[in-house]
Amino acid sequence: MSFTTVLFDLDGTLTDPFEGITRSIQHALEKMGADVPDGKDLHWCIGPPLWDSFEVLLNTSDRSDLDLAVAHYRERYTVTGLYENTLIDGIPDVLASLGTAALDLHVCTSKPHAYAGKIVDHFEMMPHFGKVYGSELDGQRSRKAELIAHILEEEGLSANETVMIGDRKHDLIGANANGVAGIGVLWGYGSREELEAERPVLVAEKPADISTFLGAGA
């Protein structure tokens, strides 16, 4: 396979956002008068759109309730949670190696692009990426299939020359829906079983595996 463009998920792939996301979810649940689970029981919320997670946590599909929960989440996340985050070891080397190999890189995240850009910039990754693509604040394009289709169109990309890298099945489902190759990573929040079920071209155990697979060295 020969790729020209690489799309990277953000949460769980480039950075570990566990503390910021789970604490902000707890804040929202408390504001909603709902049961507040321990942070360790909220790891599954990292990756899917927020509305999907709150639908389960609040046991409701009422859009007004879900929108309110997301608003409460953002009260904390936009001020504090955004930066309760750590860069995955080895990621800067991977980004540098892929750039040296003349691959075009973009961020493809369900997180609103307004927040995602701040995180990418905070960790000094922005020079490696052409653009940070994310959802809109109202949830539009929060599903990876829709977002990847948008990126392919915006950038004029060929699906068979593009690869999507992420830690959850949602990343790979979105890739498959668009005829894009998928790479799953094991340092995030998806299990090997979850990732392999979506038939990725690679399940990477460490960041350097990505560089090796894409012909960019270690």
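Taking H placed 1.01 Å from N in the peptide plane, check which residues at least 5 places from Leu202 or on another chain put their amide H under 5 Å from its amide H.
It is Gly184, by chain and number.
Using each residue's phi in the range 169-176, evaluate 6.51 cos²θ - 1.76 cosθ + 1.60 at θ = phi - 60° and report the 3J(HN,Hα) Karplus result to the nearest Hz, with x for Gly and Pro.
4, 4, 5, 6, 4, x, 5, 4
Quick check on packing: order 186-198, 17-29 by the mean number of other C-beta atoms within 10 Å, highest mean leading.
Descending packing order for the listed peptides: 17-29, 186-198.
Hey, what number do you get for the chain at 222 nm if only DSSP H runs of n ≥ 4 count, each worth -39500 (n - 2.57), divided across all residues, to the nearest 500?
-12000 deg cm²/dmol
Taking amide H atoms as placed 1.01 Å from N in the peptide plane, list the residues 5 or more away in sequence, or in a different chain, whose amide H sits under 5 Å from that of Met164.
Leu7, Ala181, Gly182, Ile183
Below 19 Å Cα-Cα, how many Lys pairs turn up in the chain? Only count pairs eight or more apart in sequence, or on different chains, if you could.
Here the count comes out as 7.
Whole-Hz Karplus ³J(HN,Hα) for the range 131-143, in order, using 6.51 cos²θ - 1.76 cosθ + 1.60 and θ = phi - 60°, x for Gly and Pro?
Rounded to whole hertz, the list is 7, 9, 9, x, 6, 8, 5, 8, x, 4, 6, 7, 8.
Between Ala145 and Ala114, 0.36 nm times their residue separation minus their Cα-Cα distance comes to what?
Length difference between fully extended and current span is 9.2 nm.
With θ taken as phi - 60° and the coefficients 6.51, -1.76 and 1.60, list the Karplus ³J(HN,Hα) couplings across the range 2-8 in order, rounded to whole Hz; mark glycine and proline as x.
Values, residue by residue: 10, 10, 10, 9, 10, 9, 10 Hz.
For the pair Arg199 and Ser158, what calculated FRET efficiency results from E = 1/(1 + (r/R0)^6), where r is the Cβ-Cβ distance and R0 = 30 Å, to the nearest 0.05?
Efficiency, rounded to the nearest 0.05: 0.90.
If you build a Gaussian network model of the chain, linking Cα atoms that sit under 10 Å apart, which residue out of Gly182, Gly81, Gly33 swings the most?
Result: Gly33 has the largest fluctuation of those listed.
Computed FRET efficiency, Cβ-Cβ of Lys131 and Ala96, R0 25 Å: what is it to the nearest 0.05?
Taking R0 as 25 Å, the efficiency between Lys131 and Ala96 is 0.85.
Give me the one-decimal Kirkwood hydrodynamic radius in Å for the chain, with the sum taken over alpha-carbon pairs.
17.4 Å
Running a GNM on the chain with Cα contacts under 10 Å, which residue among Gly184, Gly90, Gly166 ends up with the highest mean-square fluctuation?
Among Gly184, Gly90, Gly166, the largest GNM mean-square fluctuation belongs to Gly90.
Subtracting the Cα-Cα distance from 0.36 nm times the residue separation, let me have the gained length for Thr60 to His122 in nm, one decimal.
Gain on extension, Thr60 to His122, equals 18.8 nm.
Throughout, read-outs are computed from the coordinates displayed, never taken from laboratory work. Just so you know, these numbers come straight off a predicted model, no measurement behind them. Note that each Cβ is placed from the backbone with ideal geometry, even for glycine, and that neighbours are counted across all protein chains shown.
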